[in-house]
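Peer 1: So that we are looking at the same thing, I have put the structure below in C-alpha cells.
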Amino acid sequence: MKRLKDKIRTEGIILNENVLKVDSFINHQMDPKLMKEIGQEFASLFKGEEITKVLTIESSGIAPAIMTGLELEVPVIFARKRKSLTLTHDLYTAEVHSFTKQETNEITVSRKYLDSEDNVLIIDDFLANGQAAIGLAKLVEQAGANVLGIGILIEKSFQPGAEDIRKRGYRLESLARIQSLAGKEVQFAESKEMVNQQ
Ligand code: 5GP
C-alpha cells in the first residue's frame, strides 16, 4: 500500500536493525485518514469472504481494526493483555511473548464475543515473530471459530513470523513488507519499491 510505505519512509524512525518506530502515525499519534484507507484496503483484500468479526489486540491494533470493521460492517473485538490470573472460566486465553516489551502476557477474549459460527479476520499493526497473531488465532480456535485471514500493517519479512504463519496455513496479507532495516535504511520487500525509493 503506497500511502503506508510513503509514511514509513518519511516518518518512520529506525531504532535498530530490528525495530521501527512509527509513533507519529500508528503507535501514539494516529493518522485517521491513513487508518480509513487501511480499513478499505483490508476490506477489499478480503472481499468475498464471509467475515463475521474482526479481532485485534490492544492497543495499537484497535484503530486499523475498527476501520476494517466499519468497512466490512461487522463487530470488532480487541483481546486484552493481562498478567496471569486464575479466574479464566469465562475467557479464551493464550500466552503471548511481546517482541518489543520482552515480557509474556496472557491475552484474553470473553467467551461472549466469539463462538463456533464466527469467521474471523485478525488485524495487527506489526508482524515480527508472529506471537501476537498466532496467540489471536489460538483464541479464535478455542472458540471453535474459523480464522479467515490475518491482516498486518507492517510485516518485517526478515523476522520469522510471516513464514511461520504461512506454514500454519493461514492467509496472510501485509500492507507493507520490510525486507531490511540495516544501515538505518528501510528496504521494502518488493524490488520495484526499492527502485522507486531512489
Ligand atoms: P510479534 O508478536 O509478531 O513478535 O510482534 C508483533 C507485536 O509486537 C505487535 O503487536 C507490535 O505491537 C510489536 N512490534 C513488533 N515489532 C515492532 C516494531 O518494529 N515496531 C513497533 N512499533 N512495534 C513492534
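Every read-out reported here was derived from the displayed coordinates using simple, explicitly stated rules and does not represent laboratory data. Since we're looking at a predicted model, the values are computed, not measured. In this analysis, Cβ positions are derived from the backbone assuming ideal geometry, glycine residues included, and neighbour counts consider all displayed protein chains.
Peer 1: Could you please state, rounded to a whole Å, how far the C-alpha centre of the stretch 107-164 is from the C-alpha centre of the stretch 42-95?
Peer 2: 8 Å
Peer 1: Can you find, among Tyr113, Ile38, Thr88, the residue sitting farthest towards the positive end of the charge dipole of the stretch 1-123, where Lys and Arg contribute +1 and Asp and Glu -1 at Cβ?
Peer 2: Going by the Cα projections, it comes out as Ile38.
Peer 1: Any number yet on Rg/Rh for the chain, C-alpha, Kirkwood? Please report the intermediate quantities before stating the final value.
Peer 2: Working: Rg = 16.3 Å, Rh = 17.0 Å.
Result: Rg/Rh = 0.96.
Peer 1: Something else about it: For the stretch 1-110, state which trypsin sites (Lys or Arg not before Pro) are in a DSSP loop and have at most 16 other beta carbons lying within 10 Å of their beta carbon.
Peer 2: Lys47, Lys83, Lys101
Peer 1: Need the full-extension length gain, Val19 to Ser44, defined as separation in residues times 0.36 nm minus the C-alpha distance. One decimal, nm. Working shown, then result.
Peer 2: Details: separation 25, 0.36 × 25 = 9.00 nm, distance 2.88 nm.
Net length gain for the segment: 6.1 nm.
Peer 1: Quick check on the chain: helices-only [θ] at 222 nm, where DSSP H runs of length 4 and up contribute -39,500 (n - 2.57) each and the sum goes over total residues. Nearest 500, please.
Peer 2: So the calculated ellipticity at 222 nm is -9000 deg cm²/dmol.
Peer 1: Let me check against my output: what whole-number percent is the relative contact order of the stretch 50-175, with C-alpha pairs under 8 Å and at least 6 apart?
Peer 2: Here the relative contact order equals 24 percent.
Peer 1: Quote to one decimal, in nm, the extra length available between Gln102 and Ala182 on full extension: 0.36 nm per residue of separation minus the C-alpha distance between them.
Peer 2: Length difference between fully extended and current span is 26.7 nm.
Peer 1: Tell me the GluC sites (Glu not before Pro) within the stretch 85-151 that lie in a loop according to DSSP and have at most 11 other beta-carbon atoms within 10 Å.
Peer 2: Answer in residue order: Glu103, Glu117.
Peer 1: Obtain the nm distance between the two label points defined at His89 and Glu73 by a simple spin-label model: each point lies 7 Å from its Cα along the Cα-to-C-beta direction.
Peer 2: 3.9 nm
Peer 1: With only Lys, Arg, Asp and Glu charged, each at its Cβ (+1 for the first two, -1 for the last two), find how big the charge dipole of the stretch 36-179 is about the Cα centre; round to the nearest 20 debye.
Peer 2: My answer is approximately 380 debye.
Peer 1: Can you tell which of Met1, Ile134, Ser24 lies farthest toward the positive end of the dipole of the chain, using +1 and -1 charges on the Cβ of basic and acidic side chains (Lys, Arg; Asp, Glu)?
Peer 2: Ser24
Peer 1: So if R0 is 25 Å, what FRET efficiency would Glu141 and Glu58 give, r being the distance between their Cβ atoms, rounded to the nearest 0.05?
Peer 2: 0.80
Peer 1: Also: Using +1 at the C-beta of Lys and Arg and -1 at the C-beta of Asp and Glu, which of Leu175, Gln159, Ala79 has the Cα lying farthest in the positive direction of the dipole of the chain?
Peer 2: Gln159
Peer 1: Using amide H atoms built 1.01 Å from N in the peptide plane, name the residues 5+ places from Ser98, or on other chains, whose amide H lies under 5 Å from its own.
Peer 2: Glu103, Thr104, Asn105
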